[in-house]
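A.B. asks: Here it is, the structure in full.
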2 protein chains.
Amino acid sequence: MKKPPEISTSHTRVPASECSLAKAIRVVGDMWTLLILREIICGAERFDQIREDLGITRSVLSNRLARLVQEGILERYQYRDSGQRARKGYTLTEKGRALLPVVITLREWGGQHLEPGNTSLRLQLQTTDGLRVETKLIREDGLEVSDMSGVVATVKE
Amino acid sequence: MKKPPEISTSHTRVPASECSLAKAIRVVGDMWTLLILREIICGAERFDQIREDLGITRSVLSNRLARLVQEGILERYQYRDSGQRARKGYTLTEKGRALLPVVITLREWGGQHLEPGNTSLRLQLQTTDGLRVETKLIREDGLEVSDMSGVVATVKE
DNA sequence: TAATCTGAGTCTTTATTAAAGACTCAGGTG
DNA sequence: CACCTGAGTCTTTAATAAAGACTCAGATTA
């Protein structure tokens with residue numbers, strides 16, 4: 001309860017049905033779904049491992065995995081540990097890997113704006129040959145934007 | 001059910017309690033929360049306007065707004081339309097504005113991987129003086145990464 | 001060959017959370 | 001003073017999630 005209204009972007013009402021952001025939110029904007037993606041990104045690809053790491057219910061995990069497979073974000077593969085029968089695991093599809101920047105950007109926000117000091121473990125991206133990869137905000141003229149105070153959101157047609 | 005296991009990143013188990021990504025997911029990784037942030041980013045700052053745009057219940061909206069205010073992502077301000085009594089609206093705090101890259105990255109994913117052709121309206125970022133701003137994946141050596149196939153996630157200490 | 005074990009689920013019951021919509025409350029207007 | 005409106009709260013009902021028992025397929029052991 002502080003500021004005056006500021007330069008309000010005069011609310012261009014974007015019907016959620018036509019908004020790719022709203023659609024994306026409906027597909028992956030769920031706490032369990034995001035946590036499951038985090039697990040798979042971190043390398044957990046098997047049902048029970050994800051379940052134990054997250055403490056999620058079997059039925060919810062089963063439900064979310066099925067949705068992610070159906071959306072084409074995950075796919076199932078068969079693996080066989082020596083002396084074990086063939087089992088199934090989940091990996092990201094190309095469409096799923098394309099979510100990595102989203103996840104990393106969210107992680108960066110969390111690292112900067114939550115948790116006071118404790119940044120013990122951090123999820124990062126790198127190329128297969130070991131170069132670090134980061135997401136950056138780049139202006140049209142090529143300069144990097146370092147703070148958000150001069151940035152506004154707009155809706156373009 | 002296709003691929004072989006591929007170069008699995010040997011699962012560094014990251015306890016969710018120490019992971020800034022998991023924390024961020026618990027704070028904003030909820031469908032309604034994300035949709036509300038989208039509304040406010042698009043310029044809707046009043047209770048009933050958000051409610052009508054989203055078709056969300058009053059009680060859920062009230063609950064989510066309170067949580068976002070408590071987390072320091074939104075703040076309330078007073079406004080007064082002429083000939084009306086003073087009312088309250090919600091805007092992003094600095095911490096909330098720092099979420100813009102996350103939201104934009106998600107929107108870009110949605111635009112590219114959902115909805116076949118229909119990209120009528122798109123949320124974008126720009127500087128206050130009108131320059132477009134985009135999120136990009138940049139390698140350590142400064143080159144831009146255009147496709148994700150050569151990128152992997154790792155957990156660093 | 002039968003009995004056993006294990007990962008990856010499904011099913012059932014109970015508890016949480018959300019949806020629908022009536023009710024409240026403060027302050028400004030006629 | 002009676003009425004209106006934005007911004008909620010409250011109550012009831014419906015949908016989701018949690019807890020945990022049960023299932024099923026195939027490899028192993030006996």
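The values are calculated or read from the model by the stated rules, or taken from the named source; none is laboratory data. Keep in mind the model is a prediction, meaning the values are calculated, not measured. With ideal geometry, Cβ positions are generated from the backbone for all residues, glycine too; neighbour counts draw on all protein chains shown.
A.B. asks: Scan the range B:37-50 for residues that are within 12 Å of DNA strand D (Cβ to nearest atom) and either within 13 Å of chain A (Cβ to nearest Cβ) or over 25 Å from residue B:125 (Cα atoms) (or both) and jot them down.
C.D. replies: Hits for the range B:37-50 are B:44, B:45, B:46, B:48, B:49, B:50.
A.B. asks: For residue B:59, indicate whether it is polar (S, T, N, Q) and more than 7 Å from chain A (Cβ to nearest Cβ).
C.D. replies: So residue B:59 passes the test.
A.B. asks: Filter the range B:53-75 down to the residues that are more than 21 Å from residue A:114 (Cβ to Cβ) and within 10 Å of DNA strand D (Cβ to nearest atom), then identify the one that is surrounded by the fewest Cβ atoms within 10 Å (Cβ to Cβ).
C.D. replies: The qualifying residue surrounded by the fewest Cβ atoms within 10 Å (Cβ to Cβ) is B:59.
A.B. asks: Is it the case that residue A:96 is more than 7 Å from chain B (Cβ to nearest Cβ) and over 22 Å from residue B:141 (Cα atoms)?
C.D. replies: Answer is yes for this residue.
A.B. asks: Can you tell me which condition residue A:3 does not meet? The list is (1) assigned to a helix (DSSP H, G or I); (2) modelled with pLDDT under 95; (3) among the basic types (Lys, Arg), and all the others hold.
C.D. replies: (1)
A.B. asks: Also: Here is a check on your reading of the model: is residue A:146 over 28 Å from residue B:26 (Cα atoms) and either out of contact with any strand residue (DSSP E or B) (no Cβ under 8 Å at 6 or more places or on another chain) or loosely packed, with under 13 Cβ neighbours inside 10 Å (or both)?
C.D. replies: Here the answer is no, as residue A:146 does not meet what is asked.
A.B. asks: Quick one: residue B:113 ticks every box in (1) closer than 30 Å to residue A:70 by Cβ; (2) surrounded by fewer than 16 Cβ atoms within 10 Å (Cβ to Cβ) bar one, so which box is it?
C.D. replies: Against the list (1) closer than 30 Å to residue A:70 by Cβ; (2) surrounded by fewer than 16 Cβ atoms within 10 Å (Cβ to Cβ), residue B:113 comes up short only on (2).
A.B. asks: Return the residues of the range B:140-149 that are at pLDDT 95 or above and more than 23 Å from the chain's Cα centre (by Cα); say none if nothing qualifies.
C.D. replies: B:140, B:141, B:142, B:143
A.B. asks: Looking at (1) under 17 Å from residue B:113 (Cα atoms); (2) surrounded by fewer than 22 Cβ atoms within 10 Å (Cβ to Cβ), can you tell me which one residue A:100 breaks?
C.D. replies: In the conditions (1) under 17 Å from residue B:113 (Cα atoms); (2) surrounded by fewer than 22 Cβ atoms within 10 Å (Cβ to Cβ), residue A:100 misses (2) alone.
A.B. asks: Pull up the range B:38-61, narrow it to residues that are free of Cβ contacts under 8 Å to residues at least 12 places away in the same chain and outside any helix (DSSP H, G or I), then point me to the one that is nearest to residue B:105 (Cα to Cα).
C.D. replies: B:43
A.B. asks: I'm trying to understand the selection: among the residues of the range B:110-126, which are at pLDDT below 75 and in contact with a Gly (Cβ under 7 Å, 6 or more places away or on another chain)?
C.D. replies: B:119
A.B. asks: Okay, moving on. From the set of residues in the range B:76-90 that are surrounded by 14 or more Cβ atoms within 10 Å (Cβ to Cβ) and without any contact (Cβ under 8 Å) to a residue 40 or more places away in the chain, which is farthest from DNA strand D (Cβ to nearest atom)?
C.D. replies: Restricting to residues being surrounded by 14 or more Cβ atoms within 10 Å (Cβ to Cβ) and without any contact (Cβ under 8 Å) to a residue 40 or more places away in the chain, the top hit is B:77.
A.B. asks: State all residues of the range A:62-93 that are out of contact with any Asp or Glu (no Cβ under 9 Å at 6 or more places or on another chain), within 10 Å of DNA strand C (Cβ to nearest atom) and not in a strand (DSSP E or B); if no residue qualifies, say none.
C.D. replies: Selection gives A:62, A:63, A:65, A:66, A:81, A:84, A:85, A:86.
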